[in-house]
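Structure first, then comments.
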Amino acid sequence: MRFRVRGSAGEIVRSDASCFIGLCLMSLLPFMANAGETRYSQSAETGNATWETEMDGVHLRMTQIAPDQARAFMSARGLDEKSVEEFARHCVFMTVLRNETRQPINYCLADWRFVPEGGTPQLMLTKHDWLARLQPRHLAPPATLAFEWAQFPVEQTFFPGDWNQGMTTFELPPGSRFDVVYRWRQGKKRHEGVLKNVQCTMPTAAP
Amino acid sequence: MFSAQCRRLLLSLLFTAAVPVWADDPPLQTSLTAVKPRLTAPGIELRDMNDQPVSLASLKGQVVIVNFWATWCPPCRREFSSMERLRKIMTDRPLVVLAVNEGESTDVIEAFTATQDIPPKFPILLDQAGDAMALWAVRGLPTTFIIDKRGRLAYRAIGGREFDHPQILNRIERLLREKTGTLN
């Protein structure tokens, strides 16, 4: 870049060039601040905590669902009491995955792992696991349908802008902390991101 | 180093970038994925809230929005009113919205639609056993398909959308302008 031009025209050229550079640097800020970083927030209304991260344009967000909220949701869908209690005993999250890239991505929950604090990588429970557990109970079809489709999809192909929201469950005691390693493919390339230090809701105090 | 005007611009951008958006609901999107090549859409033979049969095949010659949803699905609830706004914008045009509900009773659906600022006037179809959803290979809710006048899949969208956004209206407008061609 040339900054040797004198006079007012030169000033304009220099100012525009530096502003352009500044704008370019500014445009990188969200990526520099967020790429791979886990962000935490807490709802003042519900007290539920949310963790969110972004890696290579794919966003993962997980929000705690308290046992009472899980119970209320599943009861309202017509699930029997035993199934409701079994579900609510687990560590449940409302999970959102979004493709903000310009190319399609494909994910499969079988490729994802959660890593409890000081533990080894494990598979999360999927809707297939839950349906296998619920099948012997012969639940009403509408209840099973709602339960099944409220769970986070086991696999998906997301084109640009596509996203899903659903429940994910982990066999962990209340208050447990863990990381979630989420993986996807874009073309032939594998990607992964990590949502760090997620925590199950704390145990409810006895009445 | 920077002019006053440039400084103001940079500061406003810095402020915008610092506003946390993490805890908000994910934004409703405005993108649609073009289906190429356009394949013939699977059929729909379901009953509406008034127990009247509705067939997708009978709607050839019109652009049809097929939206799979449920009242317990948060993004479905958020995008619902935008489908009615779309329908209103396209009044008198050959466009039909079909909202295919998954497994809920008419009472539950009516309780939800009663909460809408603009009550929906498009048909809500009852997919009681999820058969239509399986036929259309839906893997998550909401999922929406846009069918061209010849009964072919033209666009697909997974996740909540703002259906009356200009970007989506523009795509639909283009479909409406397409020649019907030979109807099968």
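The values are calculated or read from the model by the stated rules, or taken from the named source; none is laboratory data. This structure is a prediction, so every number in the text was calculated from the model and none was measured. Please note: Cβ atoms are built from the backbone with ideal geometry, for glycine as well, and neighbour counts cover all protein chains shown. To get the accessible areas, we keep the full protein, side chains included, count just its heavy atoms, and leave off ligands, DNA and RNA. Shrake-Rupley method; radii C 1.70, N 1.55, O 1.52, S 1.80 Å.
Annotations for the structure displayed:
- Those residues of the range B:67-85 for which accessible area with every protein chain present is at least 50 Å² below the isolated value (1.4 Å probe): B:Trp72
- Solvent-accessible surface of the range A:160-207, taken per residue with a 1.4 Å probe and all protein chains present: 51 Å².
- Under 21 Å from A:Lys82, Cα to Cα: lysines that are on another chain or at least 8 residues apart: A:Lys127
- A simple spin-label model places pseudo-atoms 7 Å from Cα toward Cβ; at A:Glu192 and A:Asp80 they are separated by 4.0 nm.
- Net length available on complete extension from B:Thr180 to B:Thr40 is 49.0 nm, with 0.36 nm assigned per residue and the Cα-Cα distance removed.
- Solvent-accessible surface (1.4 Å probe) assigned to B:Lys88 amounts to roughly 110 Å².
- Positive-end ranking of A:Thr120, A:Asn99, A:Phe87 along the dipole of the range A:84-126, with charges on Cβ about the Cα centre, is headed by A:Asn99.
- Within the shell defined by Cβ-Cβ distances under 11 Å, the residues around A:Ser75 carry a net charge of -2, with Lys and Arg each +1 and Asp and Glu each -1.
- Net lengthening on full extension, B:Asp117/B:Lys88 (0.36 nm per residue, minus Cα-Cα): 9.1 nm
- Share of carbon and sulfur in the accessible heavy-atom surface of the range B:46-184 [1.4 Å probe, %]: 48 percent
- Dipole magnitude of the range B:136-184 about its Cα centre (Cβ charges: Lys, Arg +1; Asp, Glu -1), debye to nearest 20: 240 debye
- Förster radius 22 Å - calculated FRET efficiency between A:Ala72 and B:Gln167, Cβ distance, rounded to 0.05: 0.05
- With both labels modelled 7 Å from their Cα along Cα-to-Cβ, the A:Glu148 to A:Thr46 distance reads 2.5 nm.
- Estimated FRET transfer efficiency when R0 is 22 angstrom, pair A:Val181-B:Ala137 (beta carbons, to 0.05): 0.20
- Nearby lysines by direct alpha-carbon distance to B:Lys121 (threshold 29 angstrom, same-chain neighbours under 8 apart not counted): B:Lys60, B:Lys88, B:Lys149, B:Lys179
- Model label zone, B:Ala57; criterion: amide N under 13 Å from point 7 Å along Cα-to-beta-carbon; scope the range B:111-139: none
- Pairing chains A and B buries close to 3200 square angstrom of accessible surface in total, based on protein heavy atoms and a 1.4 angstrom probe.
- The range B:106-184 and the range B:45-98 have Cα centres separated by 5 Å.
- Across peptide B:26-33, the average count of Cβ atoms from other chains found within 10 Å of a residue's Cβ is 5.
- Student exercise, the range A:56-180 dipole from Lys, Arg, Asp, Glu Cβ charges, in Debye to nearest 20: 140 debye
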